[in-house]
Amino acid sequence: MGVAAPSSPSTLPPTIGGVDIPQLWAAVTRAVREPAACRSAAVSAAAAVARFLSGLAIGPGDVVWAVLCMTRPRAILRAVHAAVRWVAHLADHRGRLFHPSIEYGASLWASLEREVALFGLMNASRFLVRAGVAAAGLLGVSDPFGVAAIFSRSAHAAYAGWLLSRVKAGVVDRSVNGHGPLGSAKARFLLNRVGDLAILAVAGGAVLDAVGIPLQSALTLGGFGGIALGLASREAAENLVGGLLLGITAPFSPGDAIIARKGGSGPAAVEGVIQRVGLLNSSVVGFDGVPTTVPNSVFSAAAVTNLSRLRHRRFRQTVGLRYADAARVPQVVDGIRKLLAATPGVDASKGITVHWVRYAPSSLDIEAVAFFELGRLAFLNTVQEVLLGISRVVADAGADFAFPTTTIDVAAGAGGVPSLHYEQSGGNGGGKDAPAST
């Protein structure tokens, strides 16, 4: 029984990238030889391209505009700036935003170059999504959810909100910077935050509407979520609100020395130097050097005195003279007034008052009030010098300070029994000083 010889392996057709070259060549040759088949293939290809382009819904102008925005944002904004300057010049406008003399680099338009480039990028991304959906349609894949339309509306809404926020910040900074009651940093912060919240609410509603989520349902869900969050973390919410209020009102900043009292009176709840102001809590180093972390809700319920923001410190002192020095009071009053007027740091515009104000039980009281534009340590040193000066004025006038004394009058009573009578008077000869007798 004979053994069959092994058959020789068949020769594989040449391929490039998995494509059968002879078969492809045969198809091309057949198409050339058969014009009808060639025309049919061309018509099918043209129809497919037409369906693709109709699915894109993008005109040549859209593509050119997107490319210009991405590559030439400065040129576009310079043209806009020139047109606005021309219109402002014709209208003789003198505002701070569109003054004809403002150059491009100092204008609002110069700060929007990144926004214009992002606009072009956003449009390019929309075109890519539309192209992907159109290509999937050629393969028979449908788009029941309208992905391209949803993406386009959402992108436009998000970009519009972000652009409004950027323009708002630029307008606020250029309009209220150092001008009028809104020129402070606190006013700019408040305007920016309120504007951001309003823009976020509008843009968020537009995005939800574009996605297909009813705004009423979103608000209802957000309301229930807010109630649950508030009940679960009441203290954290209070601290968060307190941090936002501190950012808006800015009663103090890092480095300020403060005293906070609950209810506005009583002992200090917090006192020291602010080191950090956070969103939930703040760091304070007490006057004794002990660092403390304080929840922001404490500051919301307390009256805060900012010692670092004091522009004037009041000097108020009562000087008590003896009753025997009544004739010397005018000289002492005039001397103290001249002493305060000549003291460095005194603010004479707020007035210097030195007057004899009352008959006290043991003294004739002179009250001196003045205001000083000094720091805390310099003010304490000045108070010390003023008090020493008052002592010299009293001594130079031949007067003396009074101190509480008790005079005891001993007189014979009925039946020869001594009776005691106590009377308060000014010291060192003030009032009814009489020697004690038995």
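Can you work out which of the residues in the stretch 255-297 that are outside any loop (DSSP other than H, G, I, E, B), in contact (Cβ under 8 Å) with a residue 40 or more places away in the chain and of a type in the set (D, E, K, R) is most open to solvent (accessible area, probe 1.4 Å)? Looking at residues that are outside any loop (DSSP other than H, G, I, E, B), in contact (Cβ under 8 Å) with a residue 40 or more places away in the chain and of a type in the set (D, E, K, R), I get Lys262. Among the residues of the stretch 291-345, just one is aliphatic (A, V, I, L, M), in contact with an Asp or Glu (Cβ under 8 Å, 6 or more places away or on another chain) and closer than 30 Å to Glu271 by Cβ, namely Leu307.
Taking the stated definitions as given, is Val354 modelled with pLDDT of 85 or more, in contact with a Phe, Trp or Tyr (Cβ under 7 Å, 6 or more places away or on another chain) and on the phi < 0 side of the Ramachandran plot? Even if it seems obvious, please write down each step before you answer.
Values: modelled with pLDDT of 85 or more: yes; in contact with a Phe, Trp or Tyr (Cβ under 7 Å, 6 or more places away or on another chain): no; on the phi < 0 side of the Ramachandran plot: yes.
Here the answer is no, as Val354 does not meet what is asked.
State whether the residues of the stretch 176-183 include one that is open to solvent by 40 Å² or more (accessible area, probe 1.4 Å) and modelled with pLDDT of 60 or more. Give the derivation first.
To start, the set of residues in the stretch 176-183 that are open to solvent by 40 Å² or more (accessible area, probe 1.4 Å) comprises 177-182.
Subset that is modelled with pLDDT of 60 or more: none.
No, the stretch 176-183 contains no residue that is open to solvent by 40 Å² or more (accessible area, probe 1.4 Å) and modelled with pLDDT of 60 or more.
Mind listing whichever residues of the stretch 317-356 are in contact (Cβ under 8 Å) with a residue 40 or more places away in the chain and within 16 Å of Glu373 (Cβ to Cβ)? Within the stretch 317-356, Leu340, Thr343 qualify. Among residues of the stretch 104-132 that are without any contact (Cβ under 8 Å) to a residue 40 or more places away in the chain and within 18 Å of Thr71 (Cβ to Cβ), those with a Cβ under 6 angstrom from a residue that is part of a helix (DSSP H, G or I) and open to solvent by 50 Å² or more (accessible area, probe 1.4 Å), sequence gap 6+ or separate chain, pair up as Trp109/Val80.
Would it be correct to say that Val319 is of a type in the set (A, V, I, L, M, F, W, C), under 19 Å from Ala397 (Cα atoms) and part of a helix (DSSP H, G or I)? Break it down stepwise before answering.
Numbers: of a type in the set (A, V, I, L, M, F, W, C): yes; under 19 Å from Ala397 (Cα atoms): yes; part of a helix (DSSP H, G or I): no.
No, not satisfied.
Out of Arg314, Arg322, one residue alone is open to solvent by 70 Å² or more (accessible area, probe 1.4 Å) and either at pLDDT 90 or above or acidic (Asp, Glu) (or both). It is Arg314.
Taking only the stretch 118-146 into account, find how many residues are at pLDDT 65 or above, over 30 Å from Arg166 (Cα atoms) and among the β-branched types (Val, Ile, Thr).
The qualifying residues number 1.
Hey, can you tell me all the residues within the stretch 333-344 that are part of a helix (DSSP H, G or I) and open to solvent by less than 90 Å² (accessible area, probe 1.4 Å)?
Keep residues of the stretch 333-344 that are part of a helix (DSSP H, G or I), which gives 333-341.
Within the stretch 333-344, Val333, Asp334, Gly335, Ile336, Arg337, Leu339, Leu340, Ala341 meet the criteria.
Yes/no per residue for (1) polar (S, T, N, Q); (2) modelled with pLDDT under 90; (3) open to solvent by 40 Å² or more (accessible area, probe 1.4 Å):
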{"site": "Gln331", "(1), (2), (3)": "yes, no, yes"}
{"site": "Ala370", "(1), (2), (3)": "no, no, no"}
{"site": "Leu377", "(1), (2), (3)": "no, yes, yes"}
{"site": "Ile390", "(1), (2), (3)": "no, no, no"}
{"site": "Val393", "(1), (2), (3)": "no, no, no"}
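The values are calculated or read from the model by the stated rules, or taken from the named source; none is laboratory data. None of these values were measured; they are calculated from a predicted model. Neighbour counts are summed over all protein chains in view; Cβ atoms, including those assigned to glycine, are modelled from backbone coordinates with ideal geometry. Protein only, heavy atoms only, side chains kept; ligands, DNA and RNA dropped before computing areas. Shrake-Rupley method; radii C 1.70, N 1.55, O 1.52, S 1.80 Å.
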